[in-house]
1. Given the options Ile202, Ile240, Ile184, name the one that is β-branched (Val, Ile, Thr) and at pLDDT below 85.
2. Checking the conditions here, which among Pro75, Pro49 is modelled with pLDDT under 90 and surrounded by 18 or more Cβ atoms within 10 Å (Cβ to Cβ)?
3. Answer yes or no as to whether Ser149 is surrounded by 15 or more Cβ atoms within 10 Å (Cβ to Cβ), among the small types (Gly, Ala, Ser) and in a loop (DSSP other than H, G, I, E, B).
4. Note down all Cβ pairs under 6 Å where the first residue falls in region 68-94 and is at positive phi, the second is surrounded by fewer than 17 Cβ atoms within 10 Å (Cβ to Cβ) and aliphatic (A, V, I, L, M), and they're at least six residues apart or on different chains.
5. Go through region 152-170 and count every residue that is assigned to a helix (DSSP H, G or I), surrounded by fewer than 18 Cβ atoms within 10 Å (Cβ to Cβ) and modelled with pLDDT of 90 or more.
6. Assess whether Glu83 counts as being at pLDDT below 80 and among the acidic types (Asp, Glu).
7. Within region 173-180, is even one residue modelled with pLDDT under 90 and open to solvent by less than 50 Å² (accessible area, probe 1.4 Å)?
8. When the residues of region 36-62 are narrowed to those that are more than 16 Å from Thr178 (Cβ to Cβ) and either in a helix (DSSP H, G or I) or acidic (Asp, Glu) (or both), which ends up farthest from the chain's Cα centre (by Cα)?
Amino acid sequence: MSQTGIGEAELVTGAWTMRRALLFASRFAIGLLLVTLCSVGWLMVSMSPNQIDGGIASVSIFQDPQDHQNHLRIPGHQFACTEQGVTDHCQFTLRDQPLKMTVIYENEVRKQFASDVKCQATYAGRPVNCGVSYDFASGTLPNLSIQDSLGLSNQDLQALRQQYFFAQFNDDRWMQLTSTIAIIAGLITTMFIWLYTGQQLINSRNVQVTKLVASVNGGIFVFGLLWGSFFMSLLGLNLID
């Protein structure tokens, strides 16, 4: 066999090996993507205010009352709550000390955005300043804010933010997370379609163009489908307004 023939055979072998590696990588990426989608779906459902069986959607602890960006948010899923007439009592253990919160309504009809709702809170038996607010995402449940550091250090707050990492997400961060996943899914789909179509006519220019168009359109379709599904799910689960 001539040197030219040997060189061409080596190129073909190398291209085939590379293709097999890419095919394996695409299958692995799809499997990882499916696991990620299931995990994010479970996370969204578990973090939804719809899953809260109690009287408070969340409590935000402000170490500095003037700094509304740097705070700790704890979701209501963590609270043990009881309802007594026009009063809701909730308790949560924070750094081995009880944080007790009481929400008082004017009557037993717990109206959303009612201006006459009041709250009281104590931490380790000490009264702390408590405020009530509502948003559309939490529905009829109020969000409490405590304008007190509760004696927590910066290290304590940082550790608690890590512990309740996803509870710190606002609308923008939920959309960033889901949009990133949708973009990655679109790119994986584009690569998968490119690798699995037109193998027998790999040297045809027309087929290459067709493959490119089909791959890109497939990626855009999957991106749009996932982005729309995520957006509607976030709205339905009351994770965004």
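The values are calculated or read from the model by the stated rules, or taken from the named source; none is laboratory data. Please read all numbers here as calculations on a predicted model, not as lab measurements. For neighbour counting, all protein chains shown are included, and Cβ atoms are generated from backbone atoms with ideal geometry for every residue, glycine included. With ligands, DNA and RNA removed, areas are computed over all heavy atoms of the protein, side chains included. Shrake-Rupley method; radii C 1.70, N 1.55, O 1.52, S 1.80 Å.
1. Only one candidate qualifies: Ile202.
2. Being modelled with pLDDT under 90 and surrounded by 18 or more Cβ atoms within 10 Å (Cβ to Cβ) holds for just one of Pro75, Pro49, which is Pro49.
3. yes
4. none
5. The total comes to 6.
6. Details: at pLDDT below 80: no; among the acidic types (Asp, Glu): yes.
Criteria not met by Glu83.
7. No, there is no match, as no residue in region 173-180 is modelled with pLDDT under 90 and open to solvent by less than 50 Å² (accessible area, probe 1.4 Å).
8. Going residue by residue through region 36-62, those that are more than 16 Å from Thr178 (Cβ to Cβ) are 49-62.
With the extra rule that they be either in a helix (DSSP H, G or I) or acidic (Asp, Glu) (or both), the set shrinks to 49-51, 53.
Numbers: Pro49: 13, Asn50: 15, Gln51: 15, Asp53: 21 Å.
Among those that are more than 16 Å from Thr178 (Cβ to Cβ) and either in a helix (DSSP H, G or I) or acidic (Asp, Glu) (or both), it is Asp53.
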